[in-house]
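Chemist: This is the structure I want to talk about, given as C-alpha cells.
Laboratory data are not the source of any read-out in this text; all were calculated from the coordinates shown. What you see is a predicted model, and the numbers here were worked out from it, not measured in a lab. Neighbour counts are summed over all protein chains in view; Cβ atoms, including those assigned to glycine, are modelled from backbone coordinates with ideal geometry.
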C-alpha cells in the first residue's frame, strides 16, 4: 500500500473507533495496531511493548501526576469558592463585574491546577448559579466559565506544555515562561470582551449585589493568598535554577497538600483518599493516552505517513505564513476530536521540524498550538469543557453554552493573530529570564 492509502485507512479506522464511543487511548492503540498488522504482519508485535513503554518511560513525566495532585488538592476544597468570593467582593460593583470575577478566578485557579476541566468545575459550581441568580443570561454565565477554564492549559504550570516539551525535547521551564504573557493577554482580552458585551447589552446588575466595605474586601484575601504564594514559589524555584521541573512539581504538590489540610482542616482520611483517587485516575488516563499516542506515532512513521505528509507540506513552496495557516487549521480540526495530550504526542514529530525549518520559534509555536487546543476544548463534538459545564448546569441547554462560548473562540483566534504579528509577547519573558536560544 502507498503511504497515502495507509494513512487514509488508519485515520478512517481511528475515527470509526472514536465514533463508537471507545476511550481515546484504546482507540489510538487499536487503530495503530491494526494498521501495523495490516502492513507489516504479525512480526511487528515484537516491538509493540517496547514502543508503548518507551512512550512514558521518561523521568520528566513524574511532574505530571505531581501537578495533577496540586490541582486535585485545590479542587477538592472550597478554594475555588474562596477565590471566587474574594474577586466578587472587589469587582461586584462593576457593570458585568461578576463575569470579570469568573474569568479572573479561572485565570488564578488555572495557575494552581494546570487543568481546564478542574478549573471549569471548581469555579463553575459557584459562578454559574450566582450569575443566574443575579439575572445574567444562561449563555453569558456558562460561556464565560467554559472559556475561562481553557486558560488552565496555557497559564503555567501546564500539563500540555510538559508533554510538548518532552515530545520535542524542549526546555519545560522556557515553555512555562512562554505561556505567562499570552495567558495574561488572553485573560485581559476575555475581560475586555465581557465588559464590552455587558455594556452593549445593558447588563447592569450591580443593584442586586451586596455592597462590601473595604475591611470585608480585605477579609476575603487571607484564604486565597497562600495559594498565590505557592504558585509564585513553585515558579521561582523552577526558574531560579533551584530545582528541576519534577522536583518543583513534587515540592509544590506537598506544600499544596499541607496548605489545604491546614486551611480547610482536612484532618480525616476520607478527603485525602478522594484527592489521591482523583489524582491517580487523571494521571493514569493521561499516561495511557500518551503511551497509545506514541504507538500511533510509531505506526505513522513506520508506514512512512509522517514523512510523506512532511514532504508534501514542505514541497508546497508556499509562504511560511500560509504554511502556518494550514497548520492552524489542522490543529483546530484535530482539537475538535482529540484531547490536547493525544494531539501533541501524535503531531509533534510531524509539525516540529516543519515549523523550525520555516524559521518559527518553537516556544512561540508551543503557545500557538496550546491556544488551538484551548479552542478545541469548547468546540463540539468532543469539547471537554462543554461536558463539564453541562454536568454543573444540566438545566442550561448545550446550545446556550455554545452560543455563549462562541465570542471567546473568536477572541482566541484574534489572540493567535496578535501573537503572529507580535511574537515577542511569547518569547520576551523566556529570553529575558533564561537568555536567547543558542
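Chemist: What area, in nm² and to one decimal, does the C-alpha convex hull of region 123-169 cast on average over all directions?
Modeler: If you wrap the Cα atoms of region 123-169 in a convex hull and average its projections, you get 3.8 nm².
Chemist: Next up: What is the helix-to-structure angle for 362-377, meaning the angle in degrees between its Cα long axis and the longest Cα principal axis of the chain, kept from 0 to 90 and rounded to the nearest 10?
Modeler: 70
Chemist: So for the pair residue 387, residue 242, with labels modelled 7 Å out along Cα→Cβ, what separation do we get in nm?
Modeler: 3.9
Chemist: Taking only DSSP H segments of four or more residues, each worth -39500 (n - 2.57), what value at 222 nm results for the chain once the sum is divided by all its residues, to the nearest 500 deg cm²/dmol?
Modeler: -25000 deg cm²/dmol
Chemist: Take the Cα atoms of the chain, find their three principal axes, and give me the spread along each one in whole Å, biggest first.
Modeler: Between the extreme Cα coordinates on each principal axis of the chain lie 72, 48, 47 Å.
Chemist: Taking Cα atoms, how many degrees apart are the long axis of helix 424-434 and the longest axis of the chain, rounded to 10 and kept between 0 and 90?
Modeler: 90
Chemist: Same structure, new question: What do you get for the angle between helix 97-113 and the principal long axis of the chain? Use alpha-carbon atoms, 0 to 90 degrees, nearest ten.
Modeler: Computed tilt is about 50 degrees.
Chemist: Arranged from highest to lowest average of other beta-carbon atoms within 10 Å per residue, in what order do the peptides 98-110, 19-31, 163-175 appear?
Modeler: Result, highest mean Cβ count within 10 Å first: 98-110, 163-175, 19-31.
Chemist: Taking Rh as the Kirkwood radius computed over C-alpha pairs, what is the Stokes-Einstein D of region 324-377 at 25 °C in a medium of viscosity 0.890 mPa s, expressed in µm² per second?
Modeler: 223
Chemist: Let me ask something else. Using a 7 Å offset from the Cα along the Cα-to-Cβ direction at both residue 37 and residue 228, what is the distance between the two label points in nm, to one decimal?
Modeler: About 5.7 nm, to one decimal.
Chemist: Of the listed peptides 286-293, 121-128, 6-13, what is their order by residue-averaged count of other C-beta atoms within 10 Å, with the highest listed first?
Modeler: Per-residue mean Cβ counts within 10 Å order the peptides as 121-128, 286-293, 6-13.
Chemist: Can you sort 176, 218 so the residue with the fewest Cβ neighbours within 10 Å comes first?
Modeler: 218, 176
Chemist: What ranking do 356, 370, 259 get, fewest neighbouring Cβ atoms within 10 angstrom at the top?
Modeler: 356, 259, 370
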